[in-house]
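Working notes, structure below.
The values are calculated or read from the model by the stated rules, or taken from the named source; none is laboratory data. These numbers come from a predicted model, not from an experiment. Heads up, the Cβs are rebuilt from the backbone with ideal geometry, glycines too, and the neighbour counts pull from every protein chain shown. These accessible areas exclude ligands, DNA and RNA; they are computed on the full protein's heavy atoms, side chains included. Shrake-Rupley method; radii C 1.70, N 1.55, O 1.52, S 1.80 Å.
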Amino acid sequence: MYRLFCNNKMLVCRNFFEHFLDSDFSDDICSSQVFDNTLDIIKKWLENDEENLFLDDVDNDILAAVLKKIFRFAPAAGGIVLVNNGIVAIERNGKPDLPKGHIEKGESPDVAAIREVNEETSISNLEIIRQLPSSHHCYLLDGQWTLKKTSWFLMRSIDVFKPKPQTEEGISKVYLLNKDNVNDFLEKTFISLKETLGEEILSNLQLKINN
C-alpha cells in the first residue's frame, strides 16, 4: 500500500507500492486517456479537495507515470533516536518533529540519517538498529509540487544527552519524548509522521497507542 500525505489529507493506493516509481514505462502510457484522467484527478485533489483520495483501480505503470509527471522528488532521511530511555524530538519552525533532512547526491539513506541527526541535534556516537517504514508527503514549493520520501531508521546513542539545536535550520529546541509528553507530541506533529511512526514511537517508550 502507498500513502501520500498532503497537509491533513492523504492519497491512498492499496495496490501500489513505491518500487513501481523506479520502473521504466513506454511513452504510450503518457498519451493515453487513462493517464490524462488520472492526472486530472490527482491535480484536483492536490489543489482543491480536502478529503482523502483512494485510487485502487488504476494501472500501476500509469499511476507511477502520473506521479513522476506531477512531482519533483526530494529524498530525505531521519531517525527515531533512543537516548537515556527517551526519544529525541525537535521543534522546527514551531512544529514538533523528529530530526531529518535531505539526502545529498551520492549519499545512502542510512548515512544521511546519521549525518542529519548529528547536524540538527549535535548528538553523536549514533548506531542504527534497523530501518523503519518510510513516510511520503508533498508540498508546493515555488510553484512546483514536491514529493518528499523520508527514509526512517531506529537508532541509539550512548552519549550523555547534551543537545544543541541547529538554529539555522529553524530548530529552536531539542528534547526527549517520554510517557508524559509523547501524546502531546503526536497530536501536534505532522500527520504523515504520526501515521507512519506513531506506533513505533509508543512501542519504544513501552506505551500503547490511544484510540
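Residues in the stretch 106-140 that are charged (D, E, K, R), under 14 Å from Ile80 (Cα atoms) and outside any helix (DSSP H, G or I): Glu127, Arg130.
Among the residues of the stretch 185-200 satisfying the criterion of being within 16 Å of Gly94 (Cβ to Cβ) and in contact with a strand residue (DSSP E or B) (Cβ under 8 Å, 6 or more places away or on another chain), which is surrounded by the fewest Cβ atoms within 10 Å (Cβ to Cβ)? Per the criteria, the residue is Lys188. Residues in the stretch 80-105 that are closer than 16 Å to Gln166 by Cα and part of a strand (DSSP E or B): Val88, Ala89, Ile90, Glu91, Arg92, Lys95, Pro96, Asp97, Lys100, Gly101, His102. Residues in the stretch 145-168 that are in a strand (DSSP E or B), closer than 21 Å to Leu205 by Cβ and open to solvent by less than 70 Å² (accessible area, probe 1.4 Å): Thr150, Trp152, Phe153, Leu154, Met155, Ser157.
Every listed requirement among (1) open to solvent by 40 Å² or more (accessible area, probe 1.4 Å); (2) in contact (Cβ under 8 Å) with a residue 12 or more places away in the chain; (3) out of contact with any Lys or Arg (no Cβ under 9 Å at 6 or more places or on another chain); (4) under 25 Å from Asn52 (Cα atoms) is met by Asp142 save one, (2). When Ile103, Ile70 are checked against the criterion of being of a type in the set (A, V, I, L, M), more than 30 Å from Glu187 (Cβ to Cβ) and open to solvent by 10 Å² or more (accessible area, probe 1.4 Å), a single residue qualifies: Ile70.
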